[in-house]
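Trainee: Got a structure for you, written out below as structure tokens; questions coming shortly.
The values are calculated or read from the model by the stated rules, or taken from the named source; none is laboratory data. Only a predicted model underlies this, so the values are computations on that prediction, with no experimental measurement involved. All Cβ positions, glycine included, derive from the backbone under ideal geometry; neighbour counts span all protein chains shown.
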Amino acid sequence: MKYITCLLVFLIVSHFSVAQTTTPVADWDLSYQNLLDQNQVKWDHSQGTLFTWLKHRDDEHQFISNFIVKELEKQPDEIFLIDHPTFPSAGRLTIVGVKNPAGCFYYWRSTDEKMRDFKRNQISTEMFDQIFSRLHTLKQRGYESMGGPEKAYAGFLSTYAKGQSRQVLLHIHDFMEFDAENHQILRVGRIGEIENSLQVNNNVTMNN
């Protein structure tokens, strides 16, 4: 899985306001429209916003939504969904983690690799619990230092537990922190770290 390449998300997208949603799972909005509206992300094609990325992706949203619905029919304990654009192709990387009576799994799909379906991998309960706990409590970063929500946000995170879903916008620094002035990568961000941990033999200790 070429997560490292995928982590170089649009550098033109940045950090949204700190609003987040917790709603009944029946209202789990996989179009992300409500989340974008709550964070005052404006349509601006010239800025390369997430609105632009989402345009003309109805089939993609429906495919992911149908996949989530099928997983919910298995009565899972918990689900996480990480969904974001990739750089420089403007493709899409989607990762779904599921804990259900059959065990713990994560599914991943990259349009960069022309994948129509998700690829499934089993992971340990310990690793799933560690990742889910981190994601379910992850606080959305602010966008003020990035020049506005249109430049700060670079993806979406949804978690599901006890019949309710929660969504936050992912900041570009959640994937990679960098020194823009010197064009230098400083460190892998907290979501980038999780994506890498799923790639590397399911056995990576993550920092807080």
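Trainee: When you scan the stretch 38-58, how many residues do you find that are surrounded by fewer than 14 Cβ atoms within 10 Å (Cβ to Cβ), within 18 Å of the chain's Cα centre (by Cα) and part of a loop (DSSP other than H, G, I, E, B)? Break it down stepwise before answering.
Mentor: Filtering the stretch 38-58 down to residues surrounded by fewer than 14 Cβ atoms within 10 Å (Cβ to Cβ) leaves 40, 42-46, 55-56, 58.
Next, from what is left, pick out any that are within 18 Å of the chain's Cα centre (by Cα): 55, 58.
Of the ones still in play, those that are also part of a loop (DSSP other than H, G, I, E, B) are 55.
Qualifying residue count, the stretch 38-58: 1.
Trainee: If I ask for residues that are of a type outside the set (Ser, Thr, Tyr) and part of a loop (DSSP other than H, G, I, E, B), which ones from the stretch 134-155 would you list? Give the steps one after another, and end with the answer.
Mentor: We begin by selecting, within the stretch 134-155, every residue of a type outside the set (Ser, Thr, Tyr); these are 134-136, 138-142, 144, 146-152, 154-155.
Answer for the stretch 134-155, where residues must be of a type outside the set (Ser, Thr, Tyr) and part of a loop (DSSP other than H, G, I, E, B): LEU138, LYS139, GLN140, ARG141, GLY142, GLY147, GLY148.
Trainee: Look through the stretch 16-37, keep the residues that are more than 12 Å from SER165 (Cβ to Cβ) and surrounded by fewer than 18 Cβ atoms within 10 Å (Cβ to Cβ), and return whichever of them is modelled with the highest pLDDT.
Mentor: ASP37
Trainee: Kindly establish whether THR94 is buried (at least 17 other Cβ atoms within 10 Å of the Cβ), β-branched (Val, Ile, Thr) and either without any contact (Cβ under 8 Å) to a residue 12 or more places away in the chain or under 16 Å from HIS61 (Cα atoms) (or both).
Mentor: Details: buried (at least 17 other Cβ atoms within 10 Å of the Cβ): yes; β-branched (Val, Ile, Thr): yes; either without any contact (Cβ under 8 Å) to a residue 12 or more places away in the chain or under 16 Å from HIS61 (Cα atoms) (or both): yes.
So THR94 fits the description; yes.
Trainee: Right, next: For the stretch 133-179, which positions are under 27 Å from CYS104 (Cβ atoms) and without any contact (Cβ under 8 Å) to a residue 40 or more places away in the chain?
Mentor: SER133, THR137, LYS162, ASP174
Trainee: Has the stretch 97-119 got at least one residue that is part of a strand (DSSP E or B), touching a residue at least 24 places away in the same chain (Cβ under 8 Å) and among the aliphatic types (A, V, I, L, M)?
Mentor: yes
Trainee: Starting from residues that are among the hydrophobic types (A, V, I, L, M, F, W, C) and either surrounded by 21 or more Cβ atoms within 10 Å (Cβ to Cβ) or closer than 16 Å to ASP83 by Cα (or both), keep the ones in the stretch 139-154 and report whichever is nearest to the chain's Cα centre (by Cα). Let's see the steps before the verdict.
Mentor: Pass one, the stretch 139-154, residues among the hydrophobic types (A, V, I, L, M, F, W, C): 146, 152, 154.
Subset that is either surrounded by 21 or more Cβ atoms within 10 Å (Cβ to Cβ) or closer than 16 Å to ASP83 by Cα (or both): 152, 154.
Details: ALA152: 14, ALA154: 9 Å.
Of everything passing the filter in the stretch 139-154, ALA154 is nearest to the chain's Cα centre (by Cα).
Trainee: Here are the criteria: (1) polar (S, T, N, Q); (2) at pLDDT below 95; (3) outside any helix (DSSP H, G or I). Tell me which single one SER158 does not satisfy.
Mentor: Evaluating SER158 over (1) polar (S, T, N, Q); (2) at pLDDT below 95; (3) outside any helix (DSSP H, G or I) leaves (2) as the failure.
Trainee: Report yes if some residue within the stretch 163-184 is charged (D, E, K, R) and within 14 Å of the chain's Cα centre (by Cα); otherwise report no.
Mentor: The initial filter retains those residues of the stretch 163-184 that are charged (D, E, K, R), namely 166, 174, 177, 179, 181.
Right, trim to within 14 Å of the chain's Cα centre (by Cα) and you get 166, 174.
Yes: the stretch 163-184 contains one or more residues that are charged (D, E, K, R) and within 14 Å of the chain's Cα centre (by Cα).
Trainee: Could you tell me which of the residues HIS84, HIS61 is out of contact with any Pro (no Cβ under 8 Å at 6 or more places or on another chain) and assigned to a strand (DSSP E or B)?
Mentor: Working: HIS61 fails: assigned to a strand (DSSP E or B).
The unique qualifying residue is HIS84.
Trainee: Tell me yes or no: at least one residue of the stretch 102-115 is over 25 Å from ALA161 (Cα atoms), surrounded by 19 or more Cβ atoms within 10 Å (Cβ to Cβ) and of a type in the set (S, T, N, Q). Reasoning before the result, please.
Mentor: Applying the first criterion (over 25 Å from ALA161 (Cα atoms)) to the stretch 102-115 yields 110-115.
Add one more test, that the residue is surrounded by 19 or more Cβ atoms within 10 Å (Cβ to Cβ), and what stays is 110.
Imposing the further condition that a residue be of a type in the set (S, T, N, Q) reduces the set to 110.
Among the residues of the stretch 102-115, at least one is over 25 Å from ALA161 (Cα atoms), surrounded by 19 or more Cβ atoms within 10 Å (Cβ to Cβ) and of a type in the set (S, T, N, Q), which makes the answer yes.
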